[in-house]
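Trainee: Just passing along the structure, written as structure tokens.
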Amino acid sequence: MVQQAGNHSIEDILSDLHVDIETGLSAEEVRLRRARYGPNSLKETQRHPWLHFLAYFYGPIPWMIEAAALLSAFNRHWADLAIILVMLLFNAGVGFWQQSRAASALEALKKQLALKARTLREREWAEISASELVPGDIIRLRMGDIIPADACLLQGDYLSVDQSALTGESLPVERTIGEMIYSGAIAREGEMVAVVTSTGSDTLFGRTARLVDEAGAVSHFQKAVLQIGDYLIYLSLVLVTLLVLVQLARGAPLFELIQFALILTVASIPVAMPAVLSVTMATGAQALSKMQAIVTRLESIEEMAGIDILCSDKTGTLTENRLTAGEPLPFDDCTAETLLLAAALASKAENRDAIDLAVIGAVAEPAQLHGWVLKHFMPFDPVHKRTESGLVSPQGEEVRFSKGAPQVILDLVAHDNGYDAMRHIREKVDAQVSAFALKGYRTIAVAGTNASGRWQFLGLLPLFDPPRPDSAETIVRAREHGIAVRMVTGDNVAIARETAGRLGLGARIAEADSLFGEGVDMHHPGEAVTERIEQEDGFAQVFPEHKYAIIRALQARGHLVAMTGDGVNDAPALKQADVGIAVSGATDAARAAADLILTAPGLSVIISAVEEARHIFERMNAYAIYRITETIRIMFFMVLSMLIYGFYPVTAVMIIMLALFNDIPIMMIAGDHTRLDPKPVRWEMHRVLTIATVLGLVGVAETFLLLVIADTWLAMDQSAIQTLIFLKLSIAGHLTLFVARSRYSMFARPYPSRWLMAAVFTTQLLAAIIAGTGWLVTPIAWTYVGLVWLYCLLWVLIEDRIKLAVYKHLELTGSHHQSFIRLLGKSLHPHQRGR
């Protein structure tokens with residue numbers, strides 16, 4: 001199958017494909033080639049939905065939950081079993097629903113393909129399904145057609161092709177004999193005959209689709225949940241093993257050991273953790289939808305909070321994807337107003353040509369165009385490279401106007417006025433065109449006839465794709481939030497640099513071919529290439545493979561990367577990015593591959609989404625610390641109590657009630673108030689586990705001290721002690737949440753939300769009523785209930801001070817740390833002492 005035509009003659013192409021341009025392929029040859037190359041459609045690997053669903057029951061936390069379910073069934077604890085199974089199925093259902101959306105990306109790409117194609121076979125032209133095309137088919141293309149496969153042009157004058165959705169180029173490109181056109185592009189003008197060189201997955205479009213299918217980064221949220229699960233698994237295994245060995249040495253019955261193993265397992269598993277975190281992200285997704293941003297993958301919210309690089313497509317994202325006339329440059333006695341009017345009269349709106357529409361739209365007073373009678377019009381084509389109109393003015397005068405390539409317009413005027421007379425104008429035009437080109441502008445020249453019918457040069461008109469009104473502000477706000485913006489475009493370097501200058505981006509714009517030259521593996525480009533990619537401010541003349549490779553390279557350097565885009569060419573990069581963002585007006589393929597879909601024009605909502613994501617992340621981080629703290633507190637305390645006192649400090653029923661009190665109502669954390677971190681935030685598991693472990697061990701100490709007080713000083717019986725400990729664990733658990741929810745003092749703003757406060761005090765009131773009235777437990781005196789409350793309030797103040805000290809230690813902000821850093825600075829820079 002021929003992939004490139006640029007280095008071969010037409011004869012070589014036809015010879016390689018074994019086809020005659022006059023006859024086309026035979027029916028037998030088509031059959032053989034279809035068997036070899038397959039249909040002209042995208043391939044998709046199917047996986048049974050049940051296999052997708054069952055995959056969510058595999059992993060450390062699902063294993064722990066399943067083990068608890070088996071133990072519950074073995075011991076006939078049906079209430080426990082029901083609660084655990086509901087949580088397990090809920091977590092699997094949420095994950096399955098999220099991943100089912102991924103299959104829509106390829107479906108959306110398929111819809112972009114042409115449905116029909118005009119094909120020459122056995123000397124006869126016929127319209128067939130585009131999926132039946134094979135390499136070597138002769139096809140005819142004309143205005144409005146979607147290119148059905150990669151092809152090389154054979155006959156005809158020219159074909160204007162809009163391939164912005166594939167390459168990101170903002171303007172249609174002119175293609176002539178011997179040049180390649182790509183599947184999925186749109187023919188805007190002209191008519192030509194071509195030969196198919198590649199079909200299906202081997203086309204540029206197909207390779208893009210294959211990248212979408214292969215792309216995708218593992219969620220940091222998933223990694224964090226797995227790390228937490230691993231930590232708790234190892235901890236529980238050590239404690240259970242220790243306890244079983246000691247109890248067997250004491251001669252404890254095997255059945256009692258199994259029963260206690262069940263209690264400890266249920267206590268140690270954060271059964272509701274995935275559900276609570278999912279609900280937190282779902283609540284955030286709802287908030288983002290009100291900002292006209294639709295979340296298609298919940299985990300992307302957590303990723304969004306940590307992005308430090310935003311790769312943005314230029315055309316249609318940073319810019320408006322429409323040509324706009326710049327400041328006119330009139331020559332001699334012509335005025336800017338007259339120049340624009342002449343250019344507009346040399347245009348035809350109904351042709352829907354991008355340049356014609358830009359010029360007509362630039363006329364300040366459209367009423368000036370009224371009253372002119374069009375006698376004839378010559379549209380632009382690559383041969384003449386200009387338009388020309390013959391009109392009758394409102395005053396009845398016959399006049400002609402022309403616009404087009406500057407050198408062509410100069411030759412037109414010089415024909416009437418002499419080349420020597422035009423020398424100074426030609427020099428001025430050349431200088432101005434070069435100056436505009438350095439800015440990335442496309443320049444057209446305008447001429448008109450005077451009273452004697454001779455052509456006169458009127459001036460130059462630059463054209464450009466303007467930035468969106470909010471793009472520059474969005475880039476500034478992104479930097480304020482610790483996010484670097486990188487522009488990625490299919491346009492040339494000059495246009496990219498001019499746009500970057502207008503938007504306040506850096507001037508280091510690299511051409512894709514200079515990064516991914518011959519011999520460079522895009523999947524593994526090497527350390528030198530990835531370092532250079534990290535340092536560049538933008539990238540020009542990129543293809544889909546380049547965008548995909550740029551995202552992967554930045555991720556390999558440890559960055560969390562967001563990518564914005566709107567075209568088919570952006571789909572692989574959108575899916576590979578940690579957060580893929582489809583902007584307003586994006587193609588179906590781009591939206592299907594994205595994690596966040598913007599439904600309103602502009603990019604400003606991205607920063608609002610980042611801010612909301614960072615609030616959500618803080619809630620998730622607080623819950624993770626709180627839940628690990630509670631797990632450590634209950635596990636260590638129960639094992640320590642069994643080893644020293646030899647009885648269960650709480651019953652199985654109390655364990656289930658604690659699980660309900662600690663997890664179900666605490667879902668209100670999804671709407672808690674949090675601080676906005678000015679920099680990207682990520683899961684720092686060392687910090688999370690350190691804080692949680694310290695708070696958990698403090699909780700063990702305070703709970704065990706209460707057990708000693710109840711047993712030694714208050715002389716309470718075993719069942720009453722269990723109720724006392726249950727009440728203490730319930731109250732202290734939610735008070736600890738107020739400690740864990742912020743790295744600052746628990747009394748600092750922002751304060752907890754009213755819904756979180758209501759949930760906490762409601763569950764604590766229920767726990768107090770259960771302990772005082774004796775519902776499902778042994779009742780204790782209301783005096784003891786009050787004392788437990790005071791005891792927990794005292795300890796929560798101590799926990800808060802300990803938390804602040806640990807954070808200072810981890811962040812090296814303690815006074816002794818700062819003193820040491822200052823001392824180190826003086827030792828390393830003794831020459832600065834005299835300054």
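Trainee: With the structure loaded, tell me whether residue 754 is buried (at least 23 other Cβ atoms within 10 Å of the Cβ), out of contact with any Pro (no Cβ under 6 Å at 6 or more places or on another chain) and charged (D, E, K, R) or whether it fails that test.
Mentor: Taking the combined requirement at face value, the residue does not satisfy it.
Trainee: Scan the stretch 302-343 for residues that are in contact with a Ser or Thr (Cβ under 9 Å, 6 or more places away or on another chain) and over 30 Å from residue 422 (Cα atoms) and report the count.
Mentor: Residues flagged as in contact with a Ser or Thr (Cβ under 9 Å, 6 or more places away or on another chain) and over 30 Å from residue 422 (Cα atoms) within the stretch 302-343 amount to 14.
Trainee: A follow-up question, please. Could you pull out every one of the helices (runs of 4 or more DSSP H) wholly within the stretch 630-745 that has 3 or more residues that are under 21 Å from residue 797 (Cα atoms) and not assigned by the TED database to the domain that holds residue 478?
Mentor: In the stretch 630-745, 685-708, 718-740 are the helices (runs of 4 or more DSSP H) which contain 3 or more residues that are under 21 Å from residue 797 (Cα atoms) and not assigned by the TED database to the domain that holds residue 478.
Trainee: Being crowded, with 24+ Cβ neighbours inside 10 Å, farther than 27 Å from residue 690 by Cβ and not β-branched (Val, Ile, Thr) narrows it down to one residue among 624, 586, 556; which is it?
Mentor: Among 624, 586, 556, only 586 is crowded, with 24+ Cβ neighbours inside 10 Å, farther than 27 Å from residue 690 by Cβ and not β-branched (Val, Ile, Thr).
Trainee: Quickly run through the stretch 492-501 and pick out the residues that are in contact with a strand residue (DSSP E or B) (Cβ under 8 Å, 6 or more places away or on another chain) and surrounded by fewer than 20 Cβ atoms within 10 Å (Cβ to Cβ).
Mentor: 492, 493
Trainee: Now for a different question. Restricting to the stretch 33-50, give me the number of residues that are at pLDDT 70 or above and over 30 Å from residue 135 (Cβ atoms).
Mentor: Within the stretch 33-50, residues that are at pLDDT 70 or above and over 30 Å from residue 135 (Cβ atoms) number 1.
Trainee: Of the residues that sit in the stretch 131-144 and are modelled with pLDDT of 75 or more, touching a strand residue (DSSP E or B) at 6+ places or on another chain (Cβ under 7 Å) and surrounded by fewer than 20 Cβ atoms within 10 Å (Cβ to Cβ), which one is farthest from residue 313 (Cα to Cα)?
Mentor: Taking the candidates together, the pick is 140.
Trainee: Ok, one more. What residue, of 796, 777, 785, is within 48 Å of the chain's Cα centre (by Cα) and under 25 Å from residue 649 (Cβ atoms)?
Mentor: Result of the check over 796, 777, 785: 796.
Trainee: If we scan the stretch 777-788, do we find a residue that is touching a Pro at 6+ places or on another chain (Cβ under 9 Å), surrounded by 14 or more Cβ atoms within 10 Å (Cβ to Cβ) and under 20 Å from residue 703 (Cα atoms)?
Mentor: No: zero hits.
Trainee: Among the residues of the stretch 731-751, count how many are closer than 18 Å to residue 763 by Cα, surrounded by fewer than 24 Cβ atoms within 10 Å (Cβ to Cβ) and of a type in the set (Ser, Thr, Tyr).
Mentor: Residues in the stretch 731-751 being closer than 18 Å to residue 763 by Cα, surrounded by fewer than 24 Cβ atoms within 10 Å (Cβ to Cβ) and of a type in the set (Ser, Thr, Tyr): 0 in total.
Trainee: Which of the residues that make up the stretch 182-199 are surrounded by fewer than 24 Cβ atoms within 10 Å (Cβ to Cβ) and within 32 Å of the chain's Cα centre (by Cα)?
Mentor: Scanning the stretch 182-199 gives 182, 186, 187, 188.
Trainee: Can you tell me which residue among 522, 563 is of a type outside the set (D, E, K, R) and crowded, with 20+ Cβ neighbours inside 10 Å?
Mentor: Unique residue meeting the criteria: 563.
Trainee: Restricting the first residue to the stretch 456-480 and requiring it to be over 30 Å from residue 331 (Cβ atoms), which pairs with a second residue that is β-branched (Val, Ile, Thr) and surrounded by fewer than 22 Cβ atoms within 10 Å (Cβ to Cβ) meet a Cβ separation below 6 Å and a spacing of at least six or different chains?
Mentor: Pairs that qualify, where the first residue is over 30 Å from residue 331 (Cβ atoms) and the partner is β-branched (Val, Ile, Thr) and surrounded by fewer than 22 Cβ atoms within 10 Å (Cβ to Cβ), are 477/607.
Trainee: Determine the pairs where a residue that is on the phi < 0 side of the Ramachandran plot, located within the stretch 137-153, has a partner that is of a type in the set (Phe, Trp, Tyr) with Cβ atoms under 6 Å apart, the partner being 6 or more residues away or on another chain.
Mentor: That search, which allows pairs on different chains as well, returns 150/182.
The values are calculated or read from the model by the stated rules, or taken from the named source; none is laboratory data. This structure is a prediction, so every number in the text was calculated from the model and none was measured. With ideal geometry, Cβ positions are generated from the backbone for all residues, glycine too; neighbour counts draw on all protein chains shown.
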